[in-house]
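**Q** Shown below is the structure under consideration.
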Amino acid sequence: MSPSKTSGKTELSRAKSRANGLVRPRTVPPGSTRGGTKQEAVLALLRQPKGTTIAAIMKATGWQQHSVRGFFAAVVRKKLGLTLISEKAGDERVYRVAGEIFMTGAAEIARETVYATNRFGTRDQ
């Protein structure tokens, strides 16, 4: 086959693939989250007025101590922007979230869009 015939067929099949990809319906609505995740379990423990210990979180999630501390730094503080309070109660350190504002669905998407717009000047695609 000549190169022109090969590229024509390739272009046609690429166009069909693109068209088929755009027609597929989304099964999960944007902004929805799964229920019953480990993240939700940890946040529920941190929301308690008395707070929780790292040992309790380790038991609830099966995580190791360094993973719990990493979750505090990356998810609780950075991603969710929550204030994590650490207090010494006897021999144990107790953690809780102070002044929490938990966003779900559209509110979280809006927050991320504003963050991306402020950081880069345009909305990320």
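The values are calculated or read from the model by the stated rules, or taken from the named source; none is laboratory data. Note that the coordinates shown come from a computational prediction; the quantities given were computed from them, not determined experimentally. Neighbour counts run over all protein chains shown; Cβ positions are idealised from the backbone, glycine included.
**Q** Looking at (1) of a type in the set (Val, Ile, Thr); (2) assigned to a loop (DSSP other than H, G, I, E, B); (3) at pLDDT 75 or above, find the lone condition where residue 42 falls short.
**A** Among (1) of a type in the set (Val, Ile, Thr); (2) assigned to a loop (DSSP other than H, G, I, E, B); (3) at pLDDT 75 or above, the lone unmet condition for residue 42 is (2).
**Q** Further question: Applying the selection to the stretch 63-82, what residues are free of Cβ contacts under 8 Å to residues at least 24 places away in the same chain and farther than 16 Å from residue 96 by Cα?
**A** If the condition is that a residue be free of Cβ contacts under 8 Å to residues at least 24 places away in the same chain and farther than 16 Å from residue 96 by Cα, then 64, 65, 66, 67, 79 are the ones that fit.
**Q** What are the residues in the stretch 48-60 that are of a type outside the set (A, V, I, L, M) and surrounded by 14 or more Cβ atoms within 10 Å (Cβ to Cβ), if any?
**A** Within the stretch 48-60, 51, 52, 53 qualify.
**Q** Can residue 59 be described as out of contact with any helix residue (DSSP H, G or I) (no Cβ under 8 Å at 6 or more places or on another chain), of a type in the set (Lys, Arg) and at pLDDT below 95?
**A** Against the criterion (out of contact with any helix residue (DSSP H, G or I) (no Cβ under 8 Å at 6 or more places or on another chain), of a type in the set (Lys, Arg) and at pLDDT below 95), residue 59 does not qualify.
**Q** Would you point out the residue of the stretch 58-90, among those that are in a helix (DSSP H, G or I) and among the aromatic types (Phe, Trp, Tyr), that is farthest from residue 36 (Cα to Cα)?
**A** Selected residue: 72.
**Q** Residues in the stretch 93-113 that are loosely packed, with under 12 Cβ neighbours inside 10 Å and modelled with pLDDT of 55 or more: how many?
**A** Residues flagged as loosely packed, with under 12 Cβ neighbours inside 10 Å and modelled with pLDDT of 55 or more within the stretch 93-113 amount to 2.
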